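Engineer: Quick one: structure below, then a few questions.
Each value in this text was obtained by applying a stated rule to the coordinates, not by laboratory testing. Here the structure is a predicted model, which is why all the values come from computation and not from measurement. Cβ sites come from the backbone with ideal geometry, for glycine too, and all protein chains shown count toward neighbours.
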Amino acid sequence: MQSQHPFALAAKILALHRDGTTSAIEVGPGIPPSLDGWNVGIANMRVAPPHSGEMHPEGDEFIYLISGAISVVLEEQPQRIEDVKPGECFIVPRGIWHRLLIKTPCQLLFITPGPRNEYRPQT
């Protein structure tokens, strides 16, 4: 059993493993680790993510905007969700390539399935 101590979710990823256990994993800048289960975290973003799009074949991704302003591009639909505001959330369907456009510095909560996430390199 892990010792119980409060921690800042902005500094770690909460891993909800498929076997029902949970662990907190240290993260640094860049793309978070792809874990076998659900990754829960807070992202503080001033610029676009360090990739040109991502896709999650294991399941839907949930994003809740805490502060700032973003737009979301769903490539296969094609659809652009404009002006997501604080307090709003959206679900990116499984298998859909997508990317975030940062309009103003933002903070968001994400719940991302893993482990087989795919990322396009920046060009």
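Engineer: Multiply the residue gap between Y119 and N44 by 0.36 nm, knock off their C-alpha separation, and tell me the result in nm, one decimal place.
Structural biologist: So the chain would gain 25.1 nm between Y119 and N44.
Engineer: For every other residue with a beta carbon closer than 12 angstrom to the beta carbon of L65, add +1 if it is Lys or Arg and -1 if Asp or Glu, then tell me the sum.
Structural biologist: That works out to 0.
Engineer: Put +1 on the Cβ of every Lys and Arg and -1 on every Asp and Glu Cβ in the chain; which of T22, H56, A69 then has its Cα farthest towards the positive end of the dipole?
Structural biologist: Checking the options against the dipole of the chain, the answer is A69.
Engineer: Order these peptides, 111-117, 73-79, by their mean beta-carbon neighbour count within 10 angstrom, highest first.
Structural biologist: Averaged packing, sorted descending, gives the order 111-117, 73-79.
Engineer: Quick one: net charge of I81's neighbours, Cβ under 15 Å, K/R +1, D/E -1?
Structural biologist: -3
Engineer: Compute a Gaussian network model of the chain, connecting alpha carbons closer than 10 Å, and tell me which residue from P57, P29, P86 fluctuates the most.
Structural biologist: P29
Engineer: Per 0.36 nm of contour for each residue apart, how much would the distance between L101 and Q77 grow if the chain were fully extended, relative to their Cα-Cα spacing?
Structural biologist: Here the answer is 7.0 nm.
Engineer: Let me check I've understood the local charge: for I96, count other residues with C-beta under 12 angstrom from its C-beta, Lys and Arg +1, Asp and Glu -1. What total comes out?
Structural biologist: -4
Engineer: Over the Cα atoms of segment 9-119, Rg to Rh with Kirkwood Rh, two decimal places?
Structural biologist: Values: Rg = 13.2 Å, Rh = 14.1 Å.
Rounded to two decimals, Rg/Rh equals 0.94.
Engineer: Right, something else. Can you tell me the dipole magnitude for segment 9-119 around its Cα centre, using point charges on the Cβ only (Lys, Arg +1; Asp, Glu -1), in Debye to the nearest 20?
Structural biologist: Using Cβ point charges on Lys, Arg, Asp and Glu, segment 9-119 gives about 300 debye.
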